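To keep things clear, I will list the structure first and then write my remarks on it.
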Amino acid sequence: MGLSDTAQKVQNELTALGIAGNVIELPDSTRTAVEAGQAIGCTVAQIVKSLVFKGAASGKPVLIEASGVNRVNERAVSALIGEMIVKADADFVREKTGYAIGGIPPVGHASEMGVVLIDEDLLQYEELWAAAGTPHAVFPLTPQELIRISGGRVVTIK
């Protein structure tokens, strides 16, 4: 059985970017980092949470690729990017990424992300797992691949 259309779209993007890891769809939900870790059989810290915030003044999307165990310190991130950030609502997230919350991949978004930040804690792992467009689809990648395909800047997010 093949991938769903949305997961296949992410797989096509990954293939075009030279990522060897394949998208897999799981019967169990991977919507949250805890669910993803359980379904995959890895630690929650190895899950890449793609979180979308919005620049309070600019309205631009801010994508944060966070370790599944970490919470984003919005004040610290705001200081890093020189603009206050606010949580983005589900409609904004879908409009800017093309995906629903719980399935946002680090690539293949509907529009350009204003800022992309990568949690430095992800760099300690050999293998990471990121969402692939749906709450049941994931793919493996290395921290170096995440940096390359997302164009993100490695920072402290907590």
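The values are calculated or read from the model by the stated rules, or taken from the named source; none is laboratory data. Model, not experiment: these values are computed from the prediction. Positions of Cβ are backbone-derived with ideal geometry, glycine not excepted, and every protein chain shown enters the neighbour counts.
List of remarks:
- Filtering the range 119-158 to residues that are at positive phi and touching a residue at least 60 places away in the same chain (Cβ under 8 Å) leaves only G133.
- Conditions (1) buried (at least 23 other Cβ atoms within 10 Å of the Cβ); (2) touching a Ser or Thr at 6+ places or on another chain (Cβ under 6 Å); (3) assigned to a loop (DSSP other than H, G, I, E, B); number of the one not met by H109: (1)
- Residue in the range 76-88 that is at pLDDT 95 or above, of a type outside the set (A, V, I, L, M, F, W, C), crowded, with 17+ Cβ neighbours inside 10 Å and over 18 Å from R153 (Cα atoms) present: no
- Only a single criterion out of (1) out of contact with any Pro (no Cβ under 9 Å at 6 or more places or on another chain); (2) assigned to a loop (DSSP other than H, G, I, E, B); (3) within 18 Å of G151 (Cβ to Cβ) is not satisfied by L117, namely (2).
- Residues satisfying the stated conditions in the range 40-52, i.e. buried (at least 24 other Cβ atoms within 10 Å of the Cβ) and over 18 Å from E120 (Cα atoms): none
- For the residues V10, V77, the requirement of being in a helix (DSSP H, G or I) and under 14 Å from F139 (Cβ atoms) singles out V10.
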